[in-house]
Amino acid sequence: MKFAKKMFGVSVAAALALNASVAFAQAGETVKLAFIDPLSGPMANIGTNILHTFQYLAERESGKANPAGVKFEVVPFDNKGSAQESLSVLKAATDQGIRYIVQGNGSAPAMALIDAINKHNERNPGKELVLLNYAAVDPDLTNSKCSFWHFRFDADTSMKMEAMTTYMKDDKSVKKVYIIGQNYSHGHQVAKFAKETLARKRPDVQIVGEDLHPIAQVKDFAPYVAKIKQSGADTVITGNWGNDMALLFKAAKDAGLTVNWYTYYAGATGSPTALGDYGLGKVRYVYVSYPNLPGEPMDIMKGFEAKFKGEDFSTATAISVYKTLGAAMAKAKSTDPVKVAKAMEGLSVKIHSGEAQMRASDHQLQQTLYLATWNKVDKKNPVNRENTGNTWHAEKVFEPYVASTPTTCQMKRPS
């Protein structure tokens with residue numbers, strides 16, 4: 001009897017050990033992320049900075065730092081900012097067996113990737129891919145073009161405009177608005193939602209001009225700035241990013257244009273340098289974070305900037321990607337993309353700004369947004385951006401429900 005009991009005890013222990021090894025089979029496993037974004041051409045400075053961000057966070061969030069215990073590794077692929085090139089490098093990534101794709105610079109490449117991933121997954125069961133979108137913000141990506149295989153970690157164009165115009169509603173200096181943007185889906189959507197939300201919240205505001213310019217092709221924005229001046233605008237709304245944002249600011253500064261700026265990406269690499277002391281108290285952006293946010297974001301920023309001298313940390317959505325992925329892999333007890341995608345749906349996770357939830361209906365992260373203004377460094381806001389002596393001061397915090405917008409997504413899910 002004692003012998004049988006002992007044997008029984010060993011069997012139970014062995015069974016528990018076996019179950020544990022099955023449950024946590026992903027611990028110690030390396031999960032590769034294919035980073036597909038521009039690493040050459042006019043937007044290379046943005047792409048390279050964000051690549052460094054993902055690489056830094058891969059080290060920081062690996063092993064015991066994430067609940068799944070996995071190790072993250074980032075493999076870079078240069079899409080040159082092109083949708084077509086994105087498809088070529090996607091094939092190169094899948095040929096290497098990489099099943100998690102990271103992309104964000106440009107909604108056109110995102111659209112192309114989603115379409116290609118949908119087709120790939122249908123044809124290759126057991127080798128499915130998942131797209132982790134940290135910055136492509138066209139609302140169609142989680143509405144008419146939504147996909148089970150796509151998850152967005154940034155707030156989309158309409159969400160940021162909801163927050164922006166909620167603030168503008170009470171800004172009585174805004175009377176005449178000029179809209180300028182890049183001539184592709186995001187630029188079109190910024191203009192569309194700016195007009196719609198201002199008509200709803202500030203019907204007294206006049207739209208005095210609208211321009212769409214070729215993306216990453218304009219070398220001198222002086223003619224555009226001249227049109228803004230001529231229109232009598234007191235406020236400019238723009239979704240420009242990268243070189244197009246920096247060069248627009250440079251032209252405005254050179255021309256002495258004095259207006260309110262409401263932007264999406266004034267905080268990204270290169271724009272603070274272009275601003276310098278221009279637009280203090282008048283340039284604003286809406287984003288999921290700001291440089292002086294205390295706690296873990298500040299620690300991450302300091303660590304990143306110590307490692308990559310001369311570069312600022314500006315892409316906080318990368319934090320959300322790793323936090324959500326680690327939590328989903330722990331929940332799924334697997335690194336298999338199908339199981340992890342299912343685990344991400346509806347998942348609530350603590351990110352840099354507090355609690356966030358990946359909405360199951362369209363895979364759009366619901367999270368806190370901030371409106372910040374360009375101003376001098378002070379005791380409360382000590383983080384010097386690009387050695388300008390200036391920084392971003394948070395003026396308004398928007399709880400997730402404020403900027404949340406409905407979805408028309410009719411998602412087809414795998415069985």
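The values are calculated or read from the model by the stated rules, or taken from the named source; none is laboratory data. Note that the structure is predicted; figures quoted are calculated from it, not measured. Here the Cβ is made from the backbone with ideal geometry for all residues, glycine too, and neighbour counts use every protein chain on show. Accessible surface is based on the protein model in full, side chains and every heavy atom, while ligands, DNA and RNA are left aside. Shrake-Rupley method; radii C 1.70, N 1.55, O 1.52, S 1.80 Å.
Compared with the dominant Cα axis of the chain, that is its longest principal axis, helix 44-60 is turned about 30°.
Which Cα, out of Ser404, Ala328, Gly256, lies furthest along the positive dipole direction of the chain (beta carbon charges, K/R +1, D/E -1)? Among Ser404, Ala328, Gly256, the one farthest towards the positive end of the dipole of the chain is Ala328. Positive end of the dipole of the chain, charges at C-beta (+1 Lys, Arg; -1 Asp, Glu), about the Cα centre: which of Ile180, Ile300, Ala222 has its Cα farthest in that direction? It is Ile300. Compared with the dominant Cα axis of the chain, that is its longest principal axis, helix 83-95 is turned about 20°. Under the convention that each Lys and Arg Cβ holds +1 and each Asp and Glu Cβ holds -1, the size of the dipole of region 331-415 around its Cα centre is about 260 debye.
Using the 1.4 Å probe convention, the accessible area of region 155-271 works out to 36 Å² per residue with neighbouring protein chains retained.
Taken one residue at a time, the phi angles of region 197-211 give Karplus couplings (6.51, -1.76, 1.60, θ = phi - 60°) of 6, 5, 4, 7, 9, 9, x, 6, 6, 9, 8, 9, x, 8, 9 Hz. Gly and Pro are set to x.
Only one of (1) 17, 27, 19, 12, 12, 11, 3, 0; (2) 27, 55, 14, 3, 1; (3) 31, 58, 11, 0 was calculated from the structure for P(r) over Cα pairs in 20 Å bins from 0, in percent, and its label is (2). Pairs of C-alpha atoms in region 263-332 farther apart than 15 Å represent 63 percent of all such pairs.
Our summary gives region 134-287 a relative contact order of 21 percent, counting only alpha carbon pairs under 8 angstrom and 6 or more residues apart.
Element breakdown for the chain at a 1.4 angstrom probe: carbon and sulfur atoms account for 55% of the accessible area. Remark: region 184-195, residue by residue, has Karplus-estimated 3J(HN,Hα) of 8, 3, 4, x, 5, 5, 4, 4, 4, 6, 4, 5 Hz, where x stands for each Gly or Pro and the curve is 6.51 cos²θ - 1.76 cosθ + 1.60 at θ = phi - 60°. Equivalent ellipsoid of region 190-248: semi-axes from √(5λ) of the C-alpha gyration tensor, largest first, are 23, 14, 8 Å.
In a reduced charge model with +1 at each Lys and Arg Cβ and -1 at each Asp and Glu Cβ, region 204-259 shows a dipole moment near 220 debye about its Cα centre. For the peptides 286-295, 404-413, 66-75, residues were scored by their other Cβ atoms within 10 Å and the scores averaged per peptide; the highest-first order is 286-295, 66-75, 404-413.
Is region 266-415 rounded, prolate or oblate when judged by the Cα gyration tensor, a ≥ b ≥ c being the square roots of its eigenvalues, rounded requiring a/c under 1.5 and prolate requiring a/b larger than b/c? Taking the square roots of the gyration eigenvalues as a ≥ b ≥ c, region 266-415 is prolate.
Phi angles of region 369-384 translate, via the Karplus equation with coefficients 6.51, -1.76, 1.60 and θ = phi - 60°, into HN-Hα couplings of 10, 10, 10, 10, 10, 6, 7, 5, 4, 9, 4, 7, 10, x, 7, 6 Hz per residue; Gly and Pro are given as x. Placing unit charges on the Cβ atoms of the charged side chains and taking the dipole of the chain about its Cα centre, the candidate lying farthest along the positive direction among His352, Ala233, Gln84 is His352.
Taking a threshold of 32 Å on the Cα-Cα distance, which of the pairs Lys71/Lys250; Lys250/Lys350; Lys350/Lys396; Lys253/Lys396 fall above it? In this structure, Lys71/Lys250; Lys250/Lys350 exceed 32 Å between Cα atoms.
Taking the alpha-carbon centroid of each part, what is the distance from region 283-311 to region 380-414 in angstrom? Spelled out, the Cα-based centre of one part sits 13 Å from the other.
So what is the accessible area of region 25-109 per residue, in Å², with the probe set to 1.4 Å?
Working: 3150 Å² over 85 residues.
Here the residues of region 25-109 average 37 Å² of exposed surface.
Just how large is the dipole of the chain about the Cα centre, in debye to the nearest 20, putting +1 at every Lys and Arg Cβ and -1 at every Asp and Glu Cβ? Don't skip to the end; give the middle numbers.
On the way: 49 positive and 40 negative charges, 215 e Å.
In total the dipole reaches around 1040 debye.
For region 53-72, the residues whose amide N sits under 18 Å from a probe point set 7 Å from the Cα of Lys307 along the beta carbon direction are 53-67, 69-72. For Asp37, the residues 5 or more places off, or on other chains, whose built amide H falls under 5 Å of its own are Phe77, Asn79.
Close amide H partners of Asn390, meaning residues 5 or more places away or on another chain with modelled amide H under 5 Å apart, are Val377, Arg385.
Close amide H contacts of Ala68 (hydrogens built in the peptide plane, cut-off under 5 Å, sequence separation of 5 or more or a different chain): Ala330.
If packing is taken as the mean number of other Cβ atoms within 10 Å per residue, what is the order of 236-247, 362-373, 209-220, highest first? Don't skip to the answer; put the middle values down first.
Working: 236-247: 25.7, 362-373: 23.8, 209-220: 15.2.
Per-residue Cβ counts within 10 Å, averaged per peptide and sorted highest first, yield 236-247, 362-373, 209-220.
Rounded to the nearest whole Å², what accessible area per residue is found for region 294-415 with the 1.4 Å probe?
Numbers: 5290 Å² over 122 residues.
That works out to 43 Å² for each residue.
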